[in-house]
Each structure stands twice: as C-alpha cells, then as structure tokens.
Amino acid sequence: MNPIGIFGGTFDPIHFGHLRTAFELLHFLRLQEMRFVPAGEPPHRDQPHADAALRLRLVEAAIDDQPGFVVDDREVRRGGPSYTVRTLSELRSEFPRRPLCLAIGMDAFLGLPQWHRWREILELAHVVVAHRPGWGAPGDGALGELLRQRGTTRVADLHDALAGRILVQPVTQLEISATELRNLLAAGLDPRYLVPDAVRSLIRETGSYLRTTTSPTR
Ligand code: ATP
C-alpha cells in the first residue's frame, strides 16, 4: 500500500516553499496522498500571528486544485498543544496497515529531540526530511546516531514497512519562510510569486498580517 504523507506546520502563512516540497515528495515517494495538518497551538514556538481558522483557510485555498493534497484539520479542532505524536497515533489507528511518512524540513528535524515523546514518532511513522536552504544534516549527537541506525535512501523501504525509517530527500531549494513573508506583509509589500494567488487574495481580503499601527499621541 502506498504511504500517506503528513505535512505538519504552523503555516502562518502557507507558501510555495511548503507547497513545492510537498508536491515533490508526493511524487518522489509515490504517496497515496499528502495531508496538510495545520497546528492549532504549536507547542515548540511562539504562538502564531494568524488564528488557526484563518491559517486553515489559507491551506485549503492553497491546495484546492492539486489532486493528492488534502487538509486534515484535527489539530485545529482538538484544541490544546498540537503534539505530532498524538496526531500520528490517531492516524495509525485509522490506517492500521498503511505506511505513514511524516514530512519535515531539515530545520524542524534538527529540533526533533525537543518534541513531545519524540522517540515514539518513529514507532508510528517514517520520517522524511526535506533539505532546506541554510540547514545541514546532523553528523553527530542523538540525531546523527539515529540517522545512521534508521537512515535509508530507498523509497521502497518506506513502502515495505509501516514506520521506523528516515529518508533525507533533496527538493528544489526555495528560500521562502513564513517569518520573512510576515515581515514583508507587515511592511505593506506584495507577496506575489511567494504564495499562490488564492492565498494572496485571502490575505488581502482579510487584511491579515498587517502590522497594527498605533495612532500618534501628542
Ligand atoms: P516560520 O518562518 O514561521 O518558522 P516556516 O516557513 O518555517 O515558518 P512552518 O509552518 O514552520 O513554516 O513549517 C512547516 C514545515 O515546512 C516544517 O517542517 C519546515 O521545515 C518546512 N518548510 C518550511 N519552509 C520550507 C521551505 N522553504 N523549504 C522546505 N521546507 C520548508
């Protein structure tokens, strides 16, 4: 059975760096589908700028016309901290016989040991690490060791087992980050060609990510 890909993130907002990476992984790994799972309350970082409902709408708008891309809103509905291990356990119960591939960028992979019950993640899913500009693979430490034990370059290994392998995958390097996008939007600049047109329109309509200006006091 072809694996299900899980692409979690804050998506504050979603951009072409996320989308192109997910698209290349969908095809390269021969996934059944790639599920975008926006975090309701990301536990390992500052709280998002946009509320969960809007971030979810932006993801829906972004992936609308791409077969194989689906949105999974469970972390937004669940409330409380959005622990990936919990999402993966739910998916494992729902799909007991299908491999699961958690897709993350190299920057996120380097922070994996700080995630809640992180070692259980590899019991529930494979981890596919996408290259990201500016971030190199870990050579030593817990993650370097894990890569030596669990690493593979064979896509077939992700199809043959339900969980437990790590594959580091080069993808087209797009140096786009949501942080830079938020700065750009707050400065009143146009995000065109960094995000899908549907996302750009929604951001405009809702007036999101504009810096709130304080009126001058005299
Ligand atoms: P921020 O700048 O707010 O931290 P971000 O752009 O890193 O946001 P996230 O929603 O935090 O976006 O990222 C979700 C996932 O997408 C993470 O696994 C991250 O590594 C990956 N990712 C984000 N941007 C890119 C990119 N340009 N190329 C490849 N992967 C990316």
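The values are calculated or read from the model by the stated rules, or taken from the named source; none is laboratory data. From a predicted model like this one, the values you see are computed outputs, not experimental measurements. A quick note on method: Cβ atoms are made from the backbone with ideal geometry, for glycine too, and the neighbour counts reach across all protein chains shown. Please note that ligands, DNA and RNA were not included when accessible areas were found on the heavy atoms of the full protein model with its side chains. Shrake-Rupley method; radii C 1.70, N 1.55, O 1.52, S 1.80 Å.
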Within the stretch 121-130, the residues that are part of a helix (DSSP H, G or I) and within 15 Å of the ligand (Cβ to nearest atom) are 121
(Q) Going by what's in this entry, would residue 132 be described as touching an Asp or Glu at 6+ places or on another chain (Cβ under 6 Å), within 18 Å of residue 85 (Cα to Cα) and surrounded by 14 or more Cβ atoms within 10 Å (Cβ to Cβ)? (A) no
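Could you please give the count of residues in the stretch 187-203 that are exposed (fewer than 13 other Cβ atoms within 10 Å of the Cβ) and either over 22 Å from residue 24 (Cβ atoms) or away from the ligand (no atom under 16 Å from the Cβ) (or both)?
So the first thing to find is which residues in the stretch 187-203 are exposed (fewer than 13 other Cβ atoms within 10 Å of the Cβ), and the list is 187-190, 192-193, 197, 201.
This time we only want the ones that are either over 22 Å from residue 24 (Cβ atoms) or away from the ligand (no atom under 16 Å from the Cβ) (or both), so: 187-190, 192, 197, 201.
Going through the stretch 187-203 one residue at a time, the tally reaches 7.
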Expected single match for touching a strand residue (DSSP E or B) at 6+ places or on another chain (Cβ under 6 Å) and within 24 Å of residue 193 (Cα to Cα) among 19, 31, 56 is 56
When every residue in the stretch 131-155 that is modelled with pLDDT under 95 and assigned to a strand (DSSP E or B) is compared, the one farthest from residue 34 (Cα to Cα) is 135
Counted residues in the stretch 158-171 being farther than 20 Å from residue 120 by Cβ, open to solvent by less than 70 Å² (accessible area, probe 1.4 Å) and of a type outside the set (A, V, I, L, M) come to 2
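In the stretch 131-183, how many are polar (S, T, N, Q) and either free of Cβ contacts under 8 Å to residues at least 40 places away in the same chain or away from the ligand (no atom under 14 Å from the Cβ) (or both)? Break it down into steps so the answer makes sense when it comes.
Step one: filter the stretch 131-183 for residues polar (S, T, N, Q), giving 149, 152-153, 169, 172-173, 177, 179, 183.
Pick out the ones that are also either free of Cβ contacts under 8 Å to residues at least 40 places away in the same chain or away from the ligand (no atom under 14 Å from the Cβ) (or both) and you get 149, 152-153, 179, 183.
Final tally of qualifying residues: 5.
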Every listed condition ((1) open to solvent by 20 Å² or more (accessible area, probe 1.4 Å); (2) assigned to a loop (DSSP other than H, G, I, E, B)) holds for residue 184 save (2)
Within the stretch 147-157, the residues that are under 15 Å from residue 30 (Cα atoms) and open to solvent by less than 50 Å² (accessible area, probe 1.4 Å) are 155, 156, 157
Selection from the stretch 110-130 of residues under 14 Å from the mean Cα position of the chain (by Cα) and touching a residue at least 40 places away in the same chain (Cβ under 8 Å) yields 111, 127, 128, 129, 130
Here, strands (runs of 3 or more DSSP E) confined to the stretch 1-120 with at least 3 residues that are within 15 Å of the ligand (Cβ to nearest atom) and surrounded by 16 or more Cβ atoms within 10 Å (Cβ to Cβ) are 4-9, 33-38, 100-105
